[in-house]
Structure formats: structure tokens, C-alpha cells
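A short write-up of the structure that comes next.
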Amino acid sequence: EMTSVTGVQTCALPIYYVSSVAFSPVDGQTIVSSSDDRAIKVWDATTLSLKAEKANTHRDYVAAVAFSPDGRRIASGSHDRGIKVWDAATMSLHAERANAHGHYVTSVAFSPDGKTIASGSWDETIRVWDSATLCLQAEQPNAHNENVTSVAYSPDGRTIVSCSDDMTIKTWDITSGSCLSTLTGHTDMVTGVCFDPTGKTIVSCSLDKTIRFR
């Protein structure tokens, strides 16, 4: 659409948001990104030249992407409620699960051994999937009182940490599914969470404009 402002021709272009980025854990030389344009792209981390891309990967906004530990696969989660697994080199589809959740998928994370994928959703649940088949392995219904915004594995793969719009952070035992701890302190939605490489510290960020270490 062309418009004229004080005699100057301007063009209204579509604006897309980059929703998620992740480094390949193998050598740190590759980055994957996702966007609300529904594309997933793989980049050279040094030059940011495009190595591979896939358009229209989902039917809606791609909210999250993650590399497998060996760097060969990419998991994606979308507002179409689906989860997919892709070949990182060719972007060919390995597995998909439509309606993996009852609402937007907001976060995906591979386990350290690459065998499972954890996902979080606006349906307030956390689910664990077989990474090869995307068959459901475990779930935690009503994990939070509001939207789950981020999930991550501990380095030893025994624990999942999650955060939510309910302003809390929770840790979960993978084997039993029990809640190990509930952390509070943020005064607004918690938007991201992860373990440090030692597994002893949890880092979180929030719309309250703070980053916290626990």
C-alpha cells in the first residue's frame, strides 16, 4: 500500500517479529531463528549468512526453536498448537505433532541426551515428548496458574524448570513428575528461565525489568 506524506511516497511493508534464536550446542557456529512470518532459518554465526531456511513451517506464528544436543535436529513450537522436528542441514521434516497442546506452544527444549523434548503452553501444562516420534511421554497438567512461558532442562536431565505469567518459577522431577520447588519474587510475568551450565543456578527474566539468579 502506497501513501503520500507531505509529498513523499512511502510504502507500508509487513513487519515480522523474530521470536526465538538458539546457538548450535556442538560448535557455536550456527544459529537458528524463528519468526511470526512462520519461517525457520539457519545462519552462520560468524557472518550471519543464510545456510538453510524453511518457509511456512507452521500454520501460525513460530514461537520457539531449539537445537538438539548433537546439532542435527531443530524442534519448533507454534501458536498453531503444534510441535515439529526438522533436519538442521536440509530443513526436511522428521516428525510432527498437531495439537500437541490445547493452546499456543510457547517453548520447546531438548533433553541433554536428545531423547525427549519438553514443551510449555498457554494451556498451563508442561509436556514431554519422544524426540524421534513426538509421542507423549509425560505431562504435568495445571503446572502453573497461568500461561507457561518457558521450559528448560537441567544439565543432568533430571529436572525441568518452568516459568509463567503467574510470576512463579517451578522445578519438576522428570521421573516422578512432582514439583520440587516454587520460586517467587518477580512482580510481573516471568518470560524466560534456564539453568546455568553447572545446574546449580537458575536464571530468570521478567516483565518487571529484572533478571534474577537463584
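The values are calculated or read from the model by the stated rules, or taken from the named source; none is laboratory data. Keep in mind that this is a model prediction, so the values were computed, not measured. Cβ coordinates were reconstructed from backbone atoms using ideal geometry, including for glycine residues, and neighbour counts include every protein chain displayed. Surface areas here come from the heavy atoms of the whole protein model, side chains and all, with no ligands, DNA or RNA. Shrake-Rupley method; radii C 1.70, N 1.55, O 1.52, S 1.80 Å.
Tabulated values for the structure
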| quantity | calculated |
| --- | --- |
| Entirely in segment 139-214, the strands (runs of 3 or more DSSP E) that have 3 or more residues that are β-branched (Val, Ile, Thr) | 148-153, 159-164, 190-195 |
| Cβ pairs under 6 Å, 6+ apart, first in segment 158-169 and closer than 12 Å to Gly120 by Cβ and open to solvent by less than 10 Å² (accessible area, probe 1.4 Å), second at pLDDT 95 or above and acidic (Asp, Glu) | Ser164/Glu146 |
| Contacts under 7 angstrom Cβ, first residue in segment 114-132 being over 12 Å from His101 (Cα atoms), partner open to solvent by 10 Å² or more (accessible area, probe 1.4 Å) and not in a strand (DSSP E or B), 6 or more apart | Gly114/Pro69; Gly114/Asp70; Ser131/Lys115 |
| Unmet requirement for Lys200, which otherwise passes all of (1) open to solvent by less than 70 Å² (accessible area, probe 1.4 Å); (2) more than 21 Å from Val85 (Cα to Cα); (3) not hydroxyl-bearing (Ser, Thr, Tyr) | (1) |
| Residue count for segment 147-157, restricted to those that are closer than 22 Å to Val21 by Cβ, of a type outside the set (Val, Ile, Thr) and open to solvent by 20 Å² or more (accessible area, probe 1.4 Å) | 3 |
| Residue ID - farthest from the chain's Cα centre (by Cα), chosen from residues in segment 184-197 that are closer than 17 Å to Gly120 by Cβ and open to solvent by 40 Å² or more (accessible area, probe 1.4 Å) | Met189 |
| Filtered residues of segment 163-214 (kept if among the polar types (S, T, N, Q) and touching a Phe, Trp or Tyr at 6+ places or on another chain (Cβ under 6 Å)) | Thr201 |
| Options Met189, Met167: the member that is in contact with an Asp or Glu (Cβ under 6 Å, 6 or more places away or on another chain), at pLDDT 95 or above and of a type in the set (A, V, I, L, M) | Met189 |
| Residue that is surrounded by the fewest Cβ atoms within 10 Å (Cβ to Cβ) [pool: residues in segment 52-64 that are part of a loop (DSSP other than H, G, I, E, B) and of a type in the set (D, E, K, R)] | Arg59 |
